[in-house]
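The values are calculated or read from the model by the stated rules, or taken from the named source; none is laboratory data. Not measured: the values here are computed from a predicted model. Reconstructed Cβ throughout: ideal geometry from the backbone, glycine too, with neighbour counts over all protein chains shown. Note: areas computed on protein heavy atoms with side chains; ligands, DNA, RNA excluded. Shrake-Rupley method; radii C 1.70, N 1.55, O 1.52, S 1.80 Å.
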Amino acid sequence: MRLFRQRAATVEIPPDILSGIRAGILVCTSPRSGSNHLAGLMASAELGHPLEWFGGRRLLELPDYPRDPRAQLLRAVTDGRSSSGVYAIKLFASQFAQVAKKLNLPASLPNLRYVRLTRSDRLGQAISWTRARQIRRFRSTEVNHKPPRYDGGAIVDSLERILMENLAWDGWFAKNGLSCLSLTYEQIQQDPRASLKQIARLADTELTWGTISSQVSKSSATQSMTNGGSAFCPSTPMLRASGIARATSMVS
């Protein structure tokens, strides 16, 4: 029986890896916030590869991916790093809570800066997340495993979980007195170049414009955040009946 909580460890980055790091970006977000789209833009701009290096998709897609958070951290600052020397990580608040039990990420990640990514249309985000979990398709390049169906209760559950993710991040930043660059999915969709400029400024680096144009042109085609067909999207009366409209007003 443990009477005292074990202190989270700080990982020492090997000198040969540390010497190649210019800055780090931690994208603090929640599911279906547009983080996959942002990751593609950042990678094209040499602003790191903000993937779920601490579990999540890595564990699902790569059977031999390490389970040890220390090894995952080293993968993040190496495989998640662009040639510019900027590495990037994407984390949901729920993932961060698990990693924080073992690792002190802010103390372990060198030259770290923070991007807070949210989505203004929280109801749309909840619908998108519910649909993605139903058909098990989280990216536009993946195939549907089964057709979606309307489930008001599941949408409300998704909305509540998104709210808790956002509250957890907001509380953590306030508690630790940390500043961040706040972006919304809608801002990125409207002007991706301006968003990338802000991120580059945060990382104290210059943008690499060579491949950005092609990535930006795919913005409308990517549609990783789409809510799907009208058969899944609820009508206004259905929203009112299921209580989703009331839940949305609570988080506005």
Checklist entry - Given the structure, is ILE25 open to solvent by less than 50 Å² (accessible area, probe 1.4 Å), over 23 Å from SER182 (Cα atoms) and of a type outside the set (Phe, Trp, Tyr)? => result no
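Here's the yes/no breakdown for (1) over 19 Å from the mean Cα position of the chain (by Cα); (2) exposed (fewer than 14 other Cβ atoms within 10 Å of the Cβ); (3) at pLDDT 95 or above:
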residue	(1), (2), (3)
ALA154	yes, no, no
SER158	no, no, no
LEU167	no, yes, yes
ALA174	yes, yes, yes
SER179	no, yes, yes
LEU202	no, no, yes
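For every residue, the table says whether it meets (1) under 15 Å from THR205 (Cβ atoms); (2) of a type in the set (Ser, Thr, Tyr).
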{"position": "TRP53", "(1), (2)": "no, no"}
{"position": "LEU60", "(1), (2)": "no, no"}
{"position": "LEU74", "(1), (2)": "no, no"}
{"position": "THR78", "(1), (2)": "no, yes"}
{"position": "SER84", "(1), (2)": "yes, yes"}
{"position": "ALA93", "(1), (2)": "no, no"}
Checklist entry - Between residues in segment 167-188 that are within 22 Å of LEU41 (Cβ to Cβ) and residues that are of a type in the set (S, T, N, Q) and not in a helix (DSSP H, G or I), which pairs lie under 6 Å by C-beta distance while being six or more apart or on different chains? => result THR184/THR118; THR184/SER120; TYR185/SER33; GLU186/SER120
Checklist outcome for this item: The condition of being assigned to a loop (DSSP other than H, G, I, E, B) and surrounded by fewer than 21 Cβ atoms within 10 Å (Cβ to Cβ) holds, among GLY55, GLY40, only for GLY55
Checklist outcome for this item: By residue number, the members of segment 189-202 that are over 14 Å from CYS28 (Cα atoms) and touching a residue at least 40 places away in the same chain (Cβ under 8 Å) are GLN189, PRO192, SER195, LEU196, ALA200, LEU202
Checklist entry - Got at least one residue in segment 221-235 being assigned to a helix (DSSP H, G or I), farther than 21 Å from LEU26 by Cα and modelled with pLDDT under 90? => result yes
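Table: residues versus (1) surrounded by 22 or more Cβ atoms within 10 Å (Cβ to Cβ); (2) over 25 Å from ASP170 (Cβ atoms).
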{"residue": "SER84", "(1), (2)": "no, yes"}
{"residue": "ALA88", "(1), (2)": "yes, no"}
{"residue": "LYS102", "(1), (2)": "no, no"}
{"residue": "THR118", "(1), (2)": "yes, no"}
Checklist entry - Out of curiosity, is THR78 touching a Leu at 6+ places or on another chain (Cβ under 6 Å) and touching a residue at least 60 places away in the same chain (Cβ under 8 Å)? => result no
Next on the checklist: Going residue by residue through segment 7-19, is there one that turns out to be part of a helix (DSSP H, G or I) and basic (Lys, Arg)?
Outcome noted: no
